[in-house]
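Written out below as structure tokens is the structure these notes cover.
A short reminder: the numbers here are calculations on the coordinates, not readings from a lab. None of the values given here were measured: they were computed from a predicted structure. With ideal geometry, Cβ positions are generated from the backbone for all residues, glycine too; neighbour counts draw on all protein chains shown.
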Amino acid sequence: MKKNIALVTGGYSKEAEISYKSVITVYNNIDKDKYNVYTIDINTKGWWYKNEQAEIIEIDKNNFTLNINQQQIKFDAVLMCLHGTPGEDGKLQGYFDMLNIPYTSCDAATSALTFNKRFTVAVAAFGGINVAKSLMLIKQNFNEQKDINEIISTLTFPLFIKPNNGGSSIGMSKVVKADQLATAIHKAFQEDNQVLIEEFIKGREFTIGVFKTKGEIITLPITEIISKNEFFDFEAKYLGKSDEITPANVDEAIAEQVRLAAKKIYQILNCSGIVRIDFIYNQQNNQPYMLEVNTVPGQSEASIIPQQVKAMNWHLQEFYSALIEECFH
């Protein structure tokens, strides 16, 4: 008997547009002989499924079911394809936990932790992972002159200024001198009430997918990102302003350092499903530094994870089947 899978997309943030691109790739590559797939759009206007006749059927939020032709559809599992809140920050995971519905992403605690960049680097550093030196600003406590003076005295330029929660490099800036700080901080505060200030680490940028199947943590082939912009911003990520080389042309010794660090982070943070971990490899001290952890990474045709899966000589259908089956264990 085929399992019913809810393929969840949309979201309440600006990252929803990326979710709608990701869900096309995922839907087209799920094994329909194994699974009945229902694409569920969760957005600020409602939670619904659109059938082949383009009729909109609302989800019953009491038990996350659909009523189609007077038949109740219950879901065996949720395949998470929703970037940003509420699918990447633990809110939906907590809801599904209460309903006893398994899902393909990290659990509620890990999702909430990793959505907060400051907390993620703090836990990773506690576990022995290299991270950039950083400070966090909170909007309600923000005192522009005092906080800028603390940044100048504590951290070394260049600096990255970014919203503490959220992804896709929205609201992010690179700052090379003090008089640029105020503008960059206010830009980040437009996206979030918390802002992370991080020292720039010079080196090569790598990103790597990590997932668990049959109880074993697997790393995908590494991608090197060479941004045509000053850093890997929204344009570089989604509008073709970067070169993404998969697999990366890198010495095996460096690749193994990145793979080992990625597996360690996956374990330290108690990750599940597919995550993508971004690193800078500092060639001065020959060490990878973790930048951030993406617990619902992009899955569009142009996204990095599908590139890495193909570089591993896997079919995407095989990969998504492995993710779905793992969530039942």
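Evaluated with a Cβ-only charge set (Lys, Arg +1; Asp, Glu -1), the stretch 134-199 carries a dipole of roughly 100 debye about its Cα centre, given to the nearest 20. Among 243-251, 139-147, the peptide with the highest mean count of other Cβ atoms within 10 Å heads the list, and the full ranking is 243-251, 139-147.
Dividing the summed helix terms, -39500 (n - 2.57) for each DSSP H run of n ≥ 4, by the number of residues in the chain produces a 222 nm estimate of -9000 deg cm²/dmol to the nearest 500. For the stretch 134-199, rounded, prolate or oblate, judged on the Cα gyration tensor with a ≥ b ≥ c (square roots of eigenvalues), a/c < 1.5 rounded, else prolate if a/b > b/c? Judged from the Cα gyration tensor, the stretch 134-199 comes out oblate (a/c at least 1.5, b/c at or above a/b).
Here the calculated FRET efficiency for ASP60 and ASP33, from their Cβ-Cβ distance with R0 = 45 Å, stands at 0.95, rounded to the nearest 0.05.
Amide H to amide H distances under 5 Å link ILE40 with LEU7, VAL8, THR9, where only residues 5 or more positions off or on other chains count and H is placed in the peptide plane. In this structure the amide hydrogen of ILE73, modeled in the peptide plane, comes within under 5 Å of the amide hydrogens of LEU66, ASN67, ILE68, none closer than 5 places in sequence on its chain. For the chain, the C-alpha radius of gyration divided by 2.2 N^0.38 Å, with N the number of residues, is 1.01. Under 5 Å from the amide H of ASN282 lie the amide H atoms of GLN287, TYR289, each residue being 5 or more positions distant or on a separate chain, with H modelled from the backbone and absent for Pro and chain starts. Taking label points 7 Å from Cα along the Cα-to-Cβ direction, GLU301 and ILE268 give a separation of 3.8 nm. Rounded to the nearest 20, the size of the Cβ-charge dipole of the chain about its Cα centre is 240 debye, with Lys and Arg at +1 and Asp and Glu at -1. Footprinting exposure proxy ranking of LEU66, LEU196, fewest other C-beta atoms within 10 angstrom first, gives LEU66, LEU196. What the Cα atoms of the stretch 244-307 give is an Rg and a Dmax of 12.4, 35 Å. The antiparallel fraction among DSSP beta bridges confined to the chain stands at about 80%.
Restricting attention to the stretch 3-104, close to 45% of DSSP beta bridges with both partner residues there are antiparallel. Summing charges over all other residues whose Cβ lies under 13 Å from the Cβ of GLU224, with Lys and Arg as +1 and Asp and Glu as -1, gives -4. Which entries of LYS202/LYS264; LYS14/LYS310; LYS3/LYS74; LYS202/LYS228 have Cα-Cα distances beyond 18 Å here? Check vs 18 Å cut-off fails for LYS202/LYS264; LYS14/LYS310.
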